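Report on one structure; see the data block that follows.
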Amino acid sequence: MLPHGAGTSSEQGPIPLKFELRERYQVVVPGAIGRSYGCIFSLTTGSIPSMVDRRIAKKLGVNVRESEIVAFGEKSRVLKTVLPSIRLAPLHADTVTASVRDLSFLHGVDAIIGLDVLARSSFSIDYETREVVFGPLTAREPTVRLEVTPRS
Amino acid sequence: MTVQLTLGGRPLRLLVDTGSRRLVLFERRIRDRLPRLPVHGEKLLYHISGTSRLDRVSLPPLDAGGTTFERVEGFMSEAPVDDYPSGIDGVLGVRVLALKGADFDFERGRFGFR
């Protein structure tokens, strides 16, 4: 069962979004794709672009075309589509290009939300409390420089 | 998204991936810059493009701008990584990120452990 603490910006500041840690590493949260509510997302900073399960793409009725991705140095053919929107409170992204894959190996995850969407807002992940907070972060040290490097 | 860290005092650049479980080093990218790391077995890694065989290695201290991790479990991949952008030496996964939690500050272009 997924936690339902939807994070929104307010005068009290961002509200933490509870996540489920599946298999001790997957950060899984609820969200919506277009008008498909109650979706289950895996937040994956190592993925560009985001990916949607093919049954969700079919349910949405979006156009799908063939393309190519690389993971661990190996190329594979994938299908791509343009999703009308992705909502992951308080993140909202319109017209998101995403790969279409069989994500059944992720046991119920409807989409992998990649850096193309996640980088639209700073965020913080607390694995101990299992909360993710989107929005401007308080400056703290020590930190290291973050470089956004597209995967070819 | 990458960060520069040091491993045993030697700099390396890792892809920060909240969707990966482990810290994986690309042997072909670091073989000339790191001393040979002791291997303690093998592991098969299943990912979206197939399966990779990894060597389990003992890592020297890992440092991120002053935050140091001792005795971190690491894995070495000997698979071709030509399709990764040059300069990426491996993947920093959740086994390390979850030790302290992680801040991704895109406004300032900074990454930090909590």
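Readers should treat all values here as calculations from the given coordinates under stated rules, not as data from a laboratory. No experiment lies behind these values; they were computed from the predicted model shown. As a convention, Cβ positions derive from the backbone with ideal geometry for all residues, glycine included, and neighbour counts pool all protein chains shown.
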Stokes-Einstein D (µm²/s) once Rh is taken as the Kirkwood radius of the stretch B:1-56 over alpha-carbon pairs, at 25 °C in 0.890 mPa s: 191
Gap separating the Cα centres of the stretch B:78-108 and the stretch A:52-69, nearest whole Å: 27
Relative contact order of the stretch A:17-134, pairs being alpha-carbon contacts under 8 Å that are 6 or more residues apart, as %: 32
Relative contact order of the stretch B:2-113, defined on C-alpha pairs under 8 angstrom at six or more residues apart (%): 35
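Return the loop-located trypsin sites (Lys or Arg not before Pro) in the stretch B:8-111 (DSSP other than H, G, I, E, B) with at most 14 other Cβ atoms within 10 Å of their own Cβ; answer none if there are none.
Within the stretch B:8-111, the qualifying trypsin sites (Lys or Arg not before Pro) (loop, at most 14 other Cβ atoms within 10 Å) are B:R31, B:R33, B:R36, B:R71.
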Dipole magnitude (debye, nearest 20) for the protein assembly as shown, charges at Cβ of Lys, Arg, Asp, Glu: 380
Mean-position separation - Cα centroids, the stretch B:1-73 and the stretch A:101-137, in angstrom: 22
222 nm mean residue ellipticity, helices alone, for chain B (DSSP H n ≥ 4; -39,500 (n - 2.57); rounded to 500): -2000 deg cm²/dmol
Range of Cα positions in the stretch B:30-114 per principal axis (Å), largest first: 36, 28, 25
Tally of Lys pairs whose C-alpha atoms are under 30 Å apart, taken over the protein assembly as shown, 8 or more apart or cross-chain: 10
Selection from B:L54, A:V62, A:L118, by position along the positive dipole direction of the protein assembly as shown (Cβ): A:V62
Where the Cα pairs of the stretch A:16-152 fall when distances are cut into 10 Å bins, in %: 11, 43, 34, 10, 1
Å³ per residue enclosed by the Cα convex hull of the protein assembly as shown: 118
Share, in percent, of DSSP beta bridges within the protein assembly as shown that are antiparallel, nearest 5: 85
